[in-house]
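Presented below is the structure to which this report refers.
The values are calculated or read from the model by the stated rules, or taken from the named source; none is laboratory data. If you're wondering where the values come from, they're calculated on a predicted model, not measured in any experiment. Heads up: the accessible areas ignore ligands, DNA and RNA and are worked out on the full protein's heavy atoms, side chains in. Shrake-Rupley method; radii C 1.70, N 1.55, O 1.52, S 1.80 Å.
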Amino acid sequence: MSDERLAAEWATDDEVLRSLASNGDQPEIVRSVDVSFIGDQHQLEALAKDFQADGFELAYWSETDAGEPWLFLKRIQKSDRATIHSMTRRCLQAAEEFGVEHDGWGCMAHNANGPIDNENPA
């Protein structure tokens, strides 16, 4: 993985983190964070098994519009910048190692009362 690719992904991470913060997110609150990968079914299965050691578990499988397997994993963690950047580095390294595409990550904004929504405003 090139330094340029990592820097670009971290810049995207930072945009998402700013968006979460603007919605009242408290990044120190642990929550479910998902990561996704697209590629060969067997390679994705191997990647999922490898990620178990990092505390990730299967969230679900889907398919892209082009019919490619799309794997979603989840882990309970914080959403602070250091944690997210570390997770992104791991995802990019794994994508390269297993020959698949890292499709990103996501989570809901949280405060001390849980996910921020109409019943739990920021």
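Relative to the longest principal Cα axis of the chain, at what angle does helix 81-98 sit, 0 to 90 degrees, rounded to 10?
Roughly 10 degrees between the two axes.
Considering only protein heavy atoms, what is the solvent-accessible area of residue 15 at a probe of 1.4 Å, reported in Å² to the nearest 10?
110 Å²
So what's the angle, to the nearest 10 degrees on a 0 to 90 scale, between helix 3-22 and the longest Cα principal axis of the chain?
The two axes meet at around 30 degrees.
Provide, as a two-decimal number, the C-alpha radius of gyration of segment 6-50 over 2.2 N^0.38 Å, N being how many residues it has. Write out the running numbers ahead of the final one.
Working: Rg = 14.4 Å, N = 45, 2.2 N^0.38 = 9.3 Å.
Ratio of Cα Rg to 2.2 N^0.38 Å: 1.54.
Please list 3J(HN,Hα) in residue order for segment 55-67, calculated via the Karplus relation 6.51 cos²θ - 1.76 cosθ + 1.60 where θ = phi - 60°; whole Hz, with x for glycine and proline.
Listing the rounded values in order: x, 8, 9, 5, 8, 5, 10, 9, 9, 6, 4, 8, x Hz.
Quick one: accessible area per residue over the chain, 1.4 Å probe, rounded to a whole number of Å²? Please report the intermediate quantities before stating the final value.
On the way: 6950 Å² over 122 residues.
Solvent-accessible surface per residue comes out at 57 Å².
Over segment 6-122, with every protein chain in place, what whole percent of the accessible area is carbon and sulfur at 1.4 Å, could you tell me? Write down the numbers at each step before the final one.
Details: 3090 of 6470 Å².
Answer for segment 6-122 is 48 percent, counting heavy atoms of protein chains only.
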